Amino acid sequence: KGRSVKGGAGRLGPEYTRKLEECYQRTRSSRDEGEGTTCMLKNIPNKYKPDVLLEEFKEFRKYMDFYYLPIDFKNNCNLGYAFLNFHDVEQAGAFRDRFHEHRLPLYQQANKVLQVSEARVQGLDSYIERFKNSSVMGDGVLKDEWKPLLFGPGGEIKEFPKPDGELPALGPRFRRQR
């Protein structure tokens, strides 16, 4: 119950703990250099819906301009990770400090400890470009509240830009080549 990765990794072992801590320190260092406004949040209990998870972050919403918690189309559960972009680097750091190695209040039986890291893809424009032409934005694919969200400066939801053309057919998710 309430295990922290810092205090010992349990079944994962000390090598995993060391690597995780090094990664976290690199993330903190890059933030201190003024980079890294997009966070990837991992180990989210799968029962969380996008609106419920977003409510957990309400104190940071006015600093966020992008949020997406991917949902499995078949079972309507989240995939265990989310992306959040902040328009304020300092607040992105405050978010990491607040939620890294934190347990969310709902679904405690899942025994998941959040991990916050710098996302591989950075910046609002990158995520708009990535999703505006994505099949997940199509009508009837996902509920509107489960699609990627954009926010204005006060935290209000903004309309996502229209696709450049016809959206591709829905297919299996895959890792993009780097």
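Every number here is computed from the coordinates shown, using simple stated rules; none is lab data. Because the structure is a prediction, the values reported are computed rather than measured.
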Would you kindly give the portion of the calculated P(r) for the stretch 63-130 that falls above 14 Å, as a percent of all Cα pairs? 66 percent
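Report the relative contact order of the stretch 78-178, percent, no decimals, based on alpha-carbon pairs under 8 angstrom and at least 6 residues apart.
On the way: 68 pairs, mean separation 19.6, N = 101.
Contact order relative to length: 19 percent.
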Please compare each pair in Lys42/Lys162; Lys112/Lys132; Lys74/Lys147; Lys62/Lys132 to a cut-off of 27 Å on the Cα-Cα distance and tell me which ones are over it. Lys42/Lys162; Lys112/Lys132
Check: C-alpha center the stretch 150-164 vs C-alpha center the stretch 82-120, spacing in Å is 22 Å
In Hz, Karplus ³J(HN,Hα) per residue of the stretch 92-104 (6.51, -1.76, 1.60; θ = phi - 60°; x = Gly, Pro): 4, x, 5, 4, 4, 4, 6, 10, 5, 6, 9, 9, 6
Can I get the semi-axes of the stretch 65-178's equivalent ellipsoid? Compute them from the C-alpha gyration tensor as square roots of 5 times the eigenvalues, in angstrom, largest first. 25, 19, 14
Report, by chain and number, residues whose modeled amide H sits under 5 Å from the one on Phe86, excluding near sequence neighbours (fewer than 5 apart, same chain). Thr38, Cys39, Asp65
